[in-house]
Each structure stands twice: as structure tokens, then as C-alpha cells.
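Inspection log for the structure reproduced underneath, given as C-alpha cells.
All of the numbers you see were taken from the coordinates with simple rules; none came from a lab. Keep in mind it's a predicted model, so treat the numbers as computed, not measured. When we count neighbours, we look across all protein chains shown, and the Cβ atoms used for this are built from the backbone with ideal geometry, even at glycine.
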Amino acid sequence: MVVIGGGQAGLATGFYLRRSGLVPGADFVIVDAAEQPGGAWARMWPTLRTFSPTQYSSLPGWMMPPWTGDSGYPPAAHVVDYLTRYEQRYNLAVRRSVSVRSVTRGDGGLLHVHSDRGEWTADQVVSATGTWSRPFIPTYPGRFSGRQLHTADYRQASDFAGDRVLIVGGGNSAAQILAEVSTVAETTWVTLRPPRFLPDEVDGRALFEIATARHRARQAGGPDTGGVGGLGDIVMVESVREARDRDVLQAREPFARLVDHGVRWRDGSESSFDAIIWCTGFRPALGHLRTLGLRGHDGLVPTDGTQAVKESRLHLIGYGDWTGPASATLIGAGRTARELVTHL
Ligand code: FAD
């Protein structure tokens, strides 16, 4: 068996495979393109805070060590440290710097996993490649000649000291980046819809339960249960609360087009900016599965639970709710992985 991707989703899968009696490195192998552990967390900006405290940001078997500062919301480095120790603790033997290029069907009911470091033959493949390598920027007419970057390229607020900065996006990344950039720069915030702020006492714990309830209701054929929020709603971590106190969290509706020095608004007026930070999300990294011809009309791979509908030997985990409720969160990856391994 081959697990492609050694981020939290791949590790949680490895945990349950090992617990079912399979030997890492012999019965299954986890391969990962990156040199270092931690998945996407190793690439996020250092001041990013998780949207739930450690006890609700843990993988199966071993809890993330507590974080005492910032009301209990740990930074990305704490998560990387936890994932690094997690894979060591369970001897998951992740093979690093192995980039999977494609998966093809072979003879005898086997799948071939082709990488830049050789090939594996497997009777089951789990894809857990996340979204970080596919940052998404929406298309707007016109052209902006200033600096543009995506959440994936953002490092620190001081890079924008004294600038006029436009921040685009209505999720947690946008809110946290806005909160810190606004301490050193003049910021404008654009969101597609009015931003949805969660009550101060609600965080990722509640969001996870809501995602689960919605998923169950949909599976049972019922209507969407709704609730106080979704996984994209903004958690009021300390920096965002502080920005609210400074009255920074005022969003405008989207502009009509980009212009050389900034943007033109729908009323025809223009604003100048030095930089645009696109906090506009990511798409699933599924390019290595293209050869199997599984994509549906929405660009995703249709699944029944985690199993690809058109390829029973392939399972997908992480990416989004379509592979399991909150499957792309720390707490949700464990439950999805347990169901995946039970199925296998
Ligand atoms: P990743 O962590 O991206 O891991 C995928 C792995 O696959 C990577 O190591 C990559 O190197 C490897 N890979 C990719 N392609 C290939 C290939 N072709 N061949 C081999 N290896 C490959 N979740 C929470 O629970 N709490 C939070 O507070 C939270 N905050 C977030 C903040 C941001 C800005 C973002 C983007 C996400 C956040 N998430 C949060 C969501 C989620 O937990 C993370 O995105 C998490 O990294 C997803 O884990 P994953 O294992 O699915 O993917």
C-alpha cells in the first residue's frame, strides 16, 4: 500500500494502518515530496495561530502538547514540532523528497505509483497531498503593476511597513494577516460576502461539530442543518480581537477591475496600493491522479466516503469535507483516517 503525502492526513492514516497490524516501510509506505516533516504547516507564516486549542487540534493516539500563550491557540511551529514527533513516535518511516508524478493501472489489479525517485506497485493507494501546492487567485480584468502575493507566500507584516496594502479574502487567513499587517501599514480589506465573525467563545471545536452535523444530515438525505458557522468562518484569536478593537475589521465589497496602480471600485472611483495580498484559498493538489481519469465536473474526484467512485483501489483523505467531515483539519483527519482504514 502507498500513502502519497506525509502531512497530518497521511500520518493519521499511517497511525491506523500500523494499529491494524501493518508494518510501516514493509506493508505500507508513506512518501512525501517535501524534505522536512509537517506538511503545509512547515510552510505557513510563523505568526499564524491555529483556530482551536491543542486538545482540539490533535491526531489520534497522542495529543498535541499544550500551548499556554495566546489563549491556548498554538503557532504553526508548534504544530510542525508535534507532527515531527508524531511520525517519530509511531515510527511511520516517511520517505521524504519523493514527488509522485502519476498513478496508473497495471496488470493483476495493481496500481503503479510513479515518482521522481522510482516506482511502487500497490494494491491500494491513499492520496493525502493536501492543497498547499495549489494556491488559488481569482481572475479579475485589468493588470496591477505593484507587488502581489498569495497567502502561501506571506511571511511577516514588517515586509509591508509603511505601504498601502489591499487584502482580499474573507476567511481566517485574511483576518489574521489583516490583523497584523494593519499594525504597520494602511490596509483595505475586500471580501466577496460580508465576513462572518464567530462569537469570541466559539472556535474550531464548534466548527468541527457543525461540519460533522452538516455532513451527516446531507448523507441522510436531509437539508443542510446550517448552524452558527462553517469551517471558513473567522475565529476571534487574540490578534483578530485586537484588530477589532482598533476598528480595522471593516470589509468592502469586491472591486470591478485591477488598474496599474491599484483597483477601480464598482462606483468608478479608484484606490492606489503598493501591494495586494490574495488570501483567496487553495485547490486540491490532484495532478498526480490525472492519468486515472477520475475527475468530476467540479474538478474533484467523486468519492463514496474516502473511496474514489471510479477506482476502488484509491482512497482520498484531507482536501476538504468531500472526503469526510472536517477531513482537512487536524482533529477531523483522525476520524476520516479511522474510517478509511476500517474500510480497507
Ligand atoms: P498537507 O499538510 O498539505 O500535507 C500534504 C503533504 O503531501 C505535504 O507534505 C506535501 O509535501 C505532500 N505532497 C503533495 N503533493 C505530493 C506529491 N505529488 N507527491 C508526494 N507528496 C506530495 N486546520 C486546523 O485543524 N486548524 C487550523 O487552525 C488550521 N489553520 C489553517 C490555516 C491555513 C492558512 C491553512 C491553509 C489551513 C489551515 N488548516 C487548519 C487546515 C489544515 O489543517 C491544513 O491545511 C493541513 O495542512 C492539511 O493537512 P493535509 O495532510 O491534508 O495536507
Out of 71, 263, 12, whose Cα points farthest toward the positive end of the dipole of the chain (charges: +1 Lys, Arg; -1 Asp, Glu; placed on Cβ)?
12
By how many degrees, between 0 and 90 and to the nearest 10, does the Cα long axis of helix 330-343 differ from the longest principal axis of the chain?
30
Choice from 14, 281, 162 with maximal GNM fluctuation in the chain (Cα, 10 Å cutoff):
162
Going through the range 80-155, which trypsin sites (Lys or Arg not before Pro) have at most 16 other Cβ atoms within 10 Å and a DSSP loop state?
96, 117, 143, 155
Dipole size in debye (nearest 20) for the chain around its Cα centre, Lys and Arg Cβ +1, Asp and Glu Cβ -1?
740
Name the longest site-free stretch of the chain, where the excluded sites are chymotrypsin sites (Phe, Trp or Tyr not before Pro) in a DSSP loop with no more than 14 other beta-carbon atoms within 10 Å.
137-344
Alpha-carbon centroid distance for the pair the range 127-180 / the range 39-113, whole angstrom
23
Among 38, 56, 26, whose Cα lies farthest out toward the positive end of the dipole of the chain, if unit charges sit on the beta carbon of Lys, Arg (+1) and Asp, Glu (-1)?
26
Dipole magnitude of the range 156-209, debye to nearest 20 (Cβ charges: Lys/Arg +1, Asp/Glu -1, about Cα centre)
240
At 222 nm, what helix-only mean residue ellipticity would the chain give, in deg cm²/dmol to the nearest 500, using -39500 (n - 2.57) for each DSSP H run of four or more?
-6500 deg cm²/dmol
Please compute the net charge surrounding residue 118, taking Lys and Arg as +1 and Asp and Glu as -1 over other residues with Cβ under 13 Å from its Cβ.
+1
Bridge type composition, the chain - antiparallel percent by DSSP, nearest 5
45
Under a point-charge model restricted to the Cβ atoms of Lys and Arg (+1) and Asp and Glu (-1), what is the dipole moment magnitude of the range 53-157 relative to its Cα centre, in debye to the nearest 20?
320
Relative contact order for the chain, counting Cα pairs under 8 Å that sit 6 or more residues apart, in percent
22
For the chain, with a Gaussian network of springs between Cα atoms less than 10 Å apart, report the residue from 163, 245, 321 with the top mean-square fluctuation.
245
